[in-house]
Amino acid sequence: MNRGASSLSADADINKAVGEIHERYDELKRQLSKVIVGMDDVTEQLMIAVLCRGHCILQGMPGLAKTLLISKMASLMDLSFHRIQFTPDLMPADITGGEVLEEDRSTGKREFRFVKGPVFANLVLADEINRTPPKTQSALLEAMEERQLSVSGQTFKLPNPFFVLATQNPVEVEGTYPLPEAQLDRFLFKIKVSYPSRDGEREICRRQTTNYQPVTEQVFNAELVLRMQALVREVIVSDHVYDAAIDLARNTRPEEGRLPGDLKNMVQWGAGPRASIALLMAAKARALLNKRVHATTDDVRHVALPILRHRIIPTFNAEAAGIDTDNIITQVVKGLRVSAA
């Protein structure tokens with residue numbers, strides 16, 4: 001087979017794989033709709049994170065089905081799932097696991113054995129992650145970045161794929177501990193979960209007050225997820241899309257001098273290089289979900305809010321003026337100048 005024929009064959013294989021991802025994604029949304037009402041945007045962002053091997057924070061008021069959504073996605077993807085309820089008295093070993101002293105009854109010999117904690121799962125739900133002190137929060141740092149744990153001089157690989165999906169309440173501040181910036185930066189997305197529409201709330205009430213029993217079917221498995229993650233890196237990105245993602249991240253940094261005039265004194269710290277990488281990877285994943293093999297500047301703009309909102313630190317002036325990170329990002333995105341393809 002000549003090189004031209006090989007190229008056509010490769011393109012056909014990629015297009016077939018992209019089509020399969022799109023079909024599976026549509027089926028995932030259909031299966032989720034049997035259990036979850038009106039959360040298509042959140043589902044899309046979670047699916048993008050899965051394709052990018054990224055972790056997420058879901059922020060929303062209690063009762064918005066954040067935990068249910070995460071556990072149901074794990075079930076539909078046939079991924080091992082552990083939930084960790086973060087509390088002020090939670091210790092690092094309660095997450096990572098630890099050594100226990102065991103005695104061999106036949107020989108009487110005692111030795112330490114490592115017992116794996118709940119972090120050893122494909123999908124880990126860190127429920128109300130900001131309710132535990134920084135010492136315990138830091139137990140997730142190595143797991144999130146390196147996909148491994150170092151305990152008592154030994155290194156343990158975590159399951160592949162591996163995701164941390166954390167939840168937090170945006171209102172309560174008493175008894176909570178803000179996440180360190182270094183840990184926040186390791187989350188691909190910070191997803192805001194809003195109240196349902198009136199029609200959506202009616203459907204939720206109908207389901208919860210009757211004998212409604214949804215029956216769902218598995219859509220993905222771990223092997224397929226890994227194949228899809230590998231395909232993300234094959235998505236084509238033009239130079240002007242690279243420039244758009246990099247400029248968008250850099251324009252949030254005060255020292256660059258590119259903030260809009262009315263935001264000059266509103267940003268203390270902007271997004272770092274991880275944000276540029278995240279914008280490009282998420283744009284690639286969104287392209288796949290939309291049955292495309294190339295990412296666009298619209299993809300970059302679409303993922304800007306959940307990627308940047310936890311990577312920008314506003315000043316006191318911004319807080320006093322009622323300007324939050326979403327307002328800042330929206331203005332920066334509007335001011336982004338992109339050259340033609």
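Nothing in this text is a laboratory measurement; each read-out follows from the coordinates by a stated rule. What you see is a predicted model, and the numbers here were worked out from it, not measured in a lab. Methodologically, a virtual Cβ is constructed for each residue, glycine included, from the backbone with ideal geometry; neighbour enumeration extends over all protein chains shown.
Observations
- Tensor-based shape of region 1-134 (alpha-carbon gyration tensor, a/c under 1.5 rounded, otherwise prolate or oblate): oblate
- Entries of K72/K284; K66/K334; K16/K291; K192/K334; K34/K66; K29/K72 with Cα pairs more than 19 Å apart: K72/K284; K66/K334; K192/K334
- Between I328, V235, P260, the Cα set farthest toward the positive side of the dipole of region 235-334 (charges on each charged residue's Cβ, about the Cα centre) is that of V235.
- For W269, the residues whose amide H sits under 5 Å from its own are I313, ignoring neighbours fewer than 5 places away on the same chain, with H placed 1.01 Å from N.
- Across region 101-112, computed HN-Hα scalar couplings (Karplus, 6.51 cos²θ - 1.76 cosθ + 1.60, θ = phi - 60°) run 8, 10, 10, 7, 5, 6, 10, x, 6, 10, 8, 8 Hz from first to last residue, x flagging Gly and Pro.
- Sorted by Cβ neighbour density within 10 Å, fewest at the top, the residues E234, E128: E234, E128
- Amide H contacts under 5 Å for F163, placed H, 5+ residues apart: L123, V124
- For region 86-126, the convex hull drawn through the C-alpha positions has a volume of 77 cubic angstrom per residue.
- Pairs of alpha carbons in region 34-94 whose separation is greater than 13 Å (percent): 70
- Coarse-grained scattering of region 235-334 at q = 0.11, 0.15, 0.18, 0.22 Å⁻¹, given as base-10 log I(q)/I(0) from a Debye sum over alpha-carbon atoms: -0.32, -0.56, -0.75, -1.03
- Per-residue Cβ neighbour counts within 10 Å put C52, C205 in the sequence C205, C52, beginning with the fewest.
- Cα-based convex hull volume of the chain per residue, rounded to whole Å³: 205
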